[in-house]
1. Sorted by accessible area with a 1.4 angstrom probe, largest first, how do Met219, Met62 fall?
2. If I model a spin label at Tyr172 and Gln47 as a point 7 Å from the Cα along the Cα→Cβ vector, what separation in nanometres do I get?
3. Working out 0.36 nm times the residue gap between Arg243 and Lys159, then minus their Cα-Cα distance, what length gain in nm do you get to one decimal?
4. From the protein chains alone at 1.4 Å, what is the descending order of accessible area for Ile45, Ile20, largest first?
5. Tell me the per residue accessible area of region 155-251 using a 1.4 Å probe; a whole number in Å² is fine.
6. Under a Cβ-Cβ cut-off of 9 Å, what is the net charge of the residues other than Ala38 that fall near it, where Lys and Arg count +1 and Asp and Glu count -1?
7. Considering only protein heavy atoms, with the full assembly of protein chains and a 1.4 angstrom probe, order Thr35, Thr178, Thr169 by accessible area, largest first.
8. How large is the accessible surface of Lys186 in square angstrom, using a 1.4 angstrom probe and rounding to the nearest 10?
Amino acid sequence: MAAVAQASGRGLSDGDLEAIRDGLAAGRKPRVQFTDAAGQIAGQIGQVVSLGDPAESDEFVMVRFGKDELPFSPGDLRVAPRGATARKAAPAPAVPEPVVPPGPAFVLDQPVVPPVQRSGGDDQTGAPAPRKGGDEVAAPRKNADEGTAPRKAAGRSAKAKPAPGLTVTLAYAEGEWTVAANQGAKALAKPYVVRPAEALRMVALVDVPGVQEAVEQIMAAERAEAEAQAQRLRAELAEVEARLAELGEAG
């Protein structure tokens with residue numbers, strides 16, 4: 001409970017960032033804990049591997065979480081207290097099976113064999129009298145219902161219909177990451193755009209090598225395209241500044 005309560009605290013302060021920077025310079029990897037601002041991974045533990053330039057991006061703290069290294073903002077992190085462990089999800093309560101009362105026992109009527117009397121007057125229960133001529137009496141036929149399996153007990157309660165499944169979809173198309181949610185055929189949340197950093201955090205929770213490689217390829221392609229666009233803009237800006245300088249000399 002202490003780790004959960006601390007994970008909801010404030011993010012890293014300037015002093016915390018300085019201490020982390022000193023620890024990195026000394027060859028250490030300071031441990032941090034994700035706050036509630038980090039979303040689903042709040043309470044988990046990571047290691048800071050580097051600090052970037054806060055002037056370039058708000059998410060300049062590079063944290064190793066599992067097998068991945070992802071950027072986070074100081075508000076997403078706090079210094080991990082001593083002995084802090086990752087928050088574990090509570091197991092879902094087991095749903096008991098409905099108890100079906102046993103049906104009443106079905107008892108078959110057994111044939112009653114009357115006692116057979118001999119001429120001498122002595123009674124012998126269950127012994128059939130012999131026929132004339134020495135022929136033995138045939139064994140009595142079994143009741144038509146004897147030996148058949150009892151019918152299934154009626155009135156069993158039907159099982160409750162399970163709730164429709166919940167599907168959350170993270171998709172990438174035309175340079176944008178979107179998230180959508182459906183429960184059965186009902187749309188709970190239409191696709192809405194999320195930041196690449198948030199998409200990376202969601203993908204980090206899925207420990208599947210194929211998914212990780214696909215996301216890394218997408219991010220590498222976007223990064224290369226952004227760098228190419230930045231170079232074109234720098235070249236255009238240089239031309240404009242040169243033109244401006246010429247006009248200034250002419251004036």
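The values are calculated or read from the model by the stated rules, or taken from the named source; none is laboratory data. Predicted, not measured: the structure shown is a model, and the values here were computed from it. Every residue, glycine among them, receives a Cβ derived from its backbone with ideal geometry; neighbour counts consider all protein chains shown. Ligands, DNA and RNA are stripped out before the accessible areas are found, and what is left, the full protein with its side chains, is counted by its heavy atoms. Shrake-Rupley method; radii C 1.70, N 1.55, O 1.52, S 1.80 Å.
1. Numbers: Met219 35, Met62 55 Å².
Largest accessible area first, the residues go Met62, Met219.
2. Label at Tyr172, label at Gln47, 2.6 nm between them.
3. Values: separation 84, 0.36 × 84 = 30.24 nm, distance 8.01 nm.
Gain on extension, Arg243 to Lys159, equals 22.2 nm.
4. Putting Ile45, Ile20 in descending order of accessible area: Ile45, Ile20.
5. Working: 7620 Å² over 97 residues.
Counting only protein heavy atoms, the per-residue value for region 155-251 is 79 Å².
6. On the way: positive: Arg201; negative: Asp36, Asp76.
In short, -1.
7. Numbers: Thr35 0, Thr178 35, Thr169 65 Å².
Final ranking, largest accessible area leading: Thr169, Thr178, Thr35.
8. Answer for Lys186: close to 140 Å² accessible.
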